[in-house]
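Only one structure is covered here, and it is reproduced in the block below.
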Amino acid sequence: MPILPKSRKRPWIPEKPEHLREVDNSSFYNSKRWRSLRNYFIQKNPLCNICKRKGITEGAQMVDHIKPISKFGMGVATDIKNLQSLCNKCHAKKSGQEGSEFRKGIKDYKRKKTDGRGV
């Protein structure tokens, strides 16, 4: 099988940042605290909330924050009232809609200040 030559760096193409998100929440989502809360919540609420309202029975694969933690701070991250179970399709639709609303300026999420402890 022939080997293609490695492409050269093109100086006119800008460098991509390491992550494209405004706030990197990966340390929270990889924590034991979040994983155990997610497992507990998905066991108690195994069906997608949005599909259930439409009369469709669809299993949930995601636990979603109703108010995004990147905009409202870590205080809402582990609040059970701020969580909902969603299937992959509904989660992608909701996240995309939130992102486009924020970029267009339809919804301006004000970021709450935390007390420095991440809570």
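The values are calculated or read from the model by the stated rules, or taken from the named source; none is laboratory data. These numbers come from a predicted model, not from an experiment. Virtual Cβ from ideal backbone geometry, glycine too; neighbours counted across all protein chains shown.
Table for the structure above
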read-out: Condition broken by Tyr40, with the remaining ones in (1) modelled with pLDDT under 95; (2) part of a helix (DSSP H, G or I); (3) among the aromatic types (Phe, Trp, Tyr) satisfied; value: (1)
read-out: Of all residues in the range 43-70 being polar (S, T, N, Q) and under 24 Å from Gly99 (Cα atoms), the one that is modelled with the lowest pLDDT; value: Ser70
read-out: Selected residue (criterion: nearest to the chain's Cα centre (by Cα)) from residues of the range 71-93 that are surrounded by 18 or more Cβ atoms within 10 Å (Cβ to Cβ) and not in a loop (DSSP other than H, G, I, E, B); value: His91
read-out: Qualifying residues in the range 46-70 (those that are assigned to a helix (DSSP H, G or I) and in contact with a Cys (Cβ under 7 Å, 6 or more places away or on another chain)) - the one surrounded by the most Cβ atoms within 10 Å (Cβ to Cβ); value: Ile50
read-out: Qualifying residue in the range 7-19 (condition: more than 19 Å from Lys93 (Cβ to Cβ) and touching a Ser or Thr at 6+ places or on another chain (Cβ under 9 Å)); value: yes
read-out: Residue count for the range 10-32, restricted to those that are among the charged types (D, E, K, R) and at pLDDT 80 or above; value: 2
